[in-house]
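J.: Mind looking over this structure? Questions follow.
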Amino acid sequence: MKLLDRLCAGALFVLAIVDCWLVPRGYTGRIWIFGSGLALLFAAMLNLLRIRNGRGVPGLKLFCITANVNMLVFVIALMASIGRVRTQQHPQMPLIGALLLLETGFSLGRSA
């Protein structure tokens, strides 16, 4: 399970970096897209820190749960706001949602 936890957190990290790199330069609202990618990157980094340090950092598990749930709610709200058709055109969004759901479950589980 720890390997799957690492894979999910690593995938979130890579997807967040790619998301930040692919922000369209000509779009006027690009700072919001970039900010969303950064928030996802910070959530991924918290998960990687939780995996690496286990019980060593007090409160880290709670911060991971909070970050994962907040980002999951954000992704669900984003998918709901753009609709099913546009969500299907961007399959990375349901993938990120699934990864965040898994990371939330891992965060809620027993600490290593």
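J.: Can you tell me which of 44, 98 is in contact with a Phe, Trp or Tyr (Cβ under 6 Å, 6 or more places away or on another chain), free of Cβ contacts under 8 Å to residues at least 60 places away in the same chain, among the aliphatic types (A, V, I, L, M) and closer than 16 Å to residue 7 by Cβ?
T.: Every option except 44 fails the conditions.
Quick grid of which residues meet (1) touching a strand residue (DSSP E or B) at 6+ places or on another chain (Cβ under 6 Å); (2) on the phi < 0 side of the Ramachandran plot; (3) assigned to a helix (DSSP H, G or I):
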| position | (1), (2), (3) |
| --- | --- |
| 58 | no, yes, no |
| 68 | no, yes, yes |
| 71 | no, yes, yes |
| 75 | no, yes, yes |
| 83 | no, no, yes |
| 87 | no, yes, yes |
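J.: Shifting gears a bit: Tally the residues that are of a type in the set (D, E, K, R) and more than 24 Å from residue 20 (Cβ to Cβ), restricting the search to the range 56-112.
T.: 3
Residues are listed down the side, and each one gets a yes or a no for (1) surrounded by fewer than 11 Cβ atoms within 10 Å (Cβ to Cβ); (2) outside any loop (DSSP other than H, G, I, E, B); (3) under 10 Å from the mean Cα position of the chain (by Cα):
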{"position": "3", "(1), (2), (3)": "yes, yes, no"}
{"position": "8", "(1), (2), (3)": "no, yes, yes"}
{"position": "11", "(1), (2), (3)": "no, yes, yes"}
{"position": "33", "(1), (2), (3)": "no, yes, no"}
{"position": "36", "(1), (2), (3)": "no, yes, yes"}
{"position": "44", "(1), (2), (3)": "no, yes, yes"}
{"position": "49", "(1), (2), (3)": "no, yes, no"}
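J.: Determine if the range 73-86 includes at least one residue that is loosely packed, with under 13 Cβ neighbours inside 10 Å, within 11 Å of the chain's Cα centre (by Cα) and of a type outside the set (Asp, Glu).
T.: Yes, the range 73-86 contains at least one residue that is loosely packed, with under 13 Cβ neighbours inside 10 Å, within 11 Å of the chain's Cα centre (by Cα) and of a type outside the set (Asp, Glu).
J.: Since residue 24 meets every condition but one in (1) assigned to a helix (DSSP H, G or I); (2) surrounded by fewer than 12 Cβ atoms within 10 Å (Cβ to Cβ); (3) touching a helix residue (DSSP H, G or I) at 6+ places or on another chain (Cβ under 9 Å), which condition does it not meet?
T.: (1)
Computed from the coordinates by the stated procedures, all read-outs in this text should not be read as laboratory data. Predicted, not measured: the structure shown is a model, and the values here were computed from it. We place every Cβ from the backbone using ideal geometry, glycine too, and count neighbours over all the protein chains shown.
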